[in-house]
Amino acid sequence: MAGKPYPSPRGMALLEVMLAVGIFAVVVGVTATSLTAFYSSMDAQQQRMEALQSCRSVLGAIREKRAEFITQADAVDRAGLLAWIEQGNTEHWSAYLTNPSQGGLRGQTLSVRCLNMAGAAPTAADSPLEVQVISTWTDMAGRPMQAQVATVLADR
């Protein structure tokens, strides 16, 4: 008896379809995971940039205000400047926060810390001064975040 020819395949077998769907699911899963990680990274970077901008704004305000504390002897009234900075920790640094109505940082606070060059609390006789501006906020996942900018202020 002559062998019957096999029927010609006109479609895909169930195994082939399941294999193709499995490969497609893996590719979609990897892509979704990568995009989620990318978005989280970009969001964290955006928040850091906004916090650093707030810190830089405070440093700019301190530099501008320093000019108002120059005495007749052409020296800086460091006691007055230090008092103004300390007062700012409770009163006016909030004006430099990122605007929450425009997607600002949740729970953001700004604080300024001054140190002498030995790393201790400064006195009116210390020059130059290290000024640190610290921004703290909460990210989208509820984790506490912090960014800091520091500079050195001299009499001139």
Has the range 125-134 got at least one residue that is hydrophobic (A, V, I, L, M, F, W, C) and either more than 16 Å from D155 (Cα to Cα) or out of contact with any helix residue (DSSP H, G or I) (no Cβ under 9 Å at 6 or more places or on another chain) (or both)? yes
Of all residues being farther than 12 Å from L129 by Cβ and among the small types (G, A, S) in the range 57-82, which is nearest to the chain's Cα centre (by Cα)? Just the residue, please. S57
Taking first residues from the range 34-60 that are more than 11 Å from A147 (Cα to Cα) and second residues anywhere that are in a helix (DSSP H, G or I), the pairs with Cβ under 6 Å that are 6 or more apart or on different chains are S57/Y96; V58/W93; V58/Y96
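Is it the case, given these coordinates, that R78 is in contact with a Pro (Cβ under 9 Å, 6 or more places away or on another chain) and basic (K, R)? Step through it out loud before you land on a result.
Numbers: in contact with a Pro (Cβ under 9 Å, 6 or more places away or on another chain): yes; basic (K, R): yes.
Against the criterion (in contact with a Pro (Cβ under 9 Å, 6 or more places away or on another chain) and basic (K, R)), R78 qualifies.
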Does S94 count as of a type in the set (S, T, Y) and in a strand (DSSP E or B)? no
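Restricting to the range 64-92, and then to whatever is exposed (fewer than 13 other Cβ atoms within 10 Å of the Cβ) and within 18 Å of A121 (Cβ to Cβ), can you tell me which residue is modelled with the lowest pLDDT?
Pass one, the range 64-92, residues exposed (fewer than 13 other Cβ atoms within 10 Å of the Cβ): 64, 67-68, 71-75, 87, 90-91.
With the extra rule that they be within 18 Å of A121 (Cβ to Cβ), the set shrinks to 87, 90.
Details: Q87: 86, T90: 76.
Per the criteria, the residue is T90.
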Being of a type in the set (D, E), assigned to a loop (DSSP other than H, G, I, E, B) and under 23 Å from Q87 (Cβ atoms) is the filter here; which residues of the range 106-152 pass it? D126
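Does the range 112-140 hold any residues that are in contact with a Gly (Cβ under 9 Å, 6 or more places away or on another chain), without any contact (Cβ under 8 Å) to a residue 60 or more places away in the chain and surrounded by 14 or more Cβ atoms within 10 Å (Cβ to Cβ), and which are they? Spell out how you get there, then give the answer.
Here is the first cut: in the range 112-140, the ones in contact with a Gly (Cβ under 9 Å, 6 or more places away or on another chain) are 112, 124, 130, 136-138.
Keeping just the survivors that are without any contact (Cβ under 8 Å) to a residue 60 or more places away in the chain gives 112, 124, 130, 136, 138.
Answer for the range 112-140, where residues must be in contact with a Gly (Cβ under 9 Å, 6 or more places away or on another chain), without any contact (Cβ under 8 Å) to a residue 60 or more places away in the chain and surrounded by 14 or more Cβ atoms within 10 Å (Cβ to Cβ): V112, E130, T136, T138.
Conditions (1) modelled with pLDDT of 90 or more; (2) in contact with a Gly (Cβ under 6 Å, 6 or more places away or on another chain); (3) part of a helix (DSSP H, G or I), marked per residue:
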{"residue": "A2", "(1), (2), (3)": "no, no, no"}
{"residue": "E16", "(1), (2), (3)": "no, no, yes"}
{"residue": "A20", "(1), (2), (3)": "yes, no, yes"}
{"residue": "T31", "(1), (2), (3)": "yes, no, yes"}
{"residue": "Q46", "(1), (2), (3)": "no, no, yes"}
Within the range 63-80, can you find the residues that are without any contact (Cβ under 8 Å) to a residue 40 or more places away in the chain and assigned to a helix (DSSP H, G or I)? E64, K65, A67, E68, F69, G80
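The values are calculated or read from the model by the stated rules, or taken from the named source; none is laboratory data. For clarity, every value in this text was computed on a predicted model and none was experimentally measured. Reconstructed Cβ throughout: ideal geometry from the backbone, glycine too, with neighbour counts over all protein chains shown.
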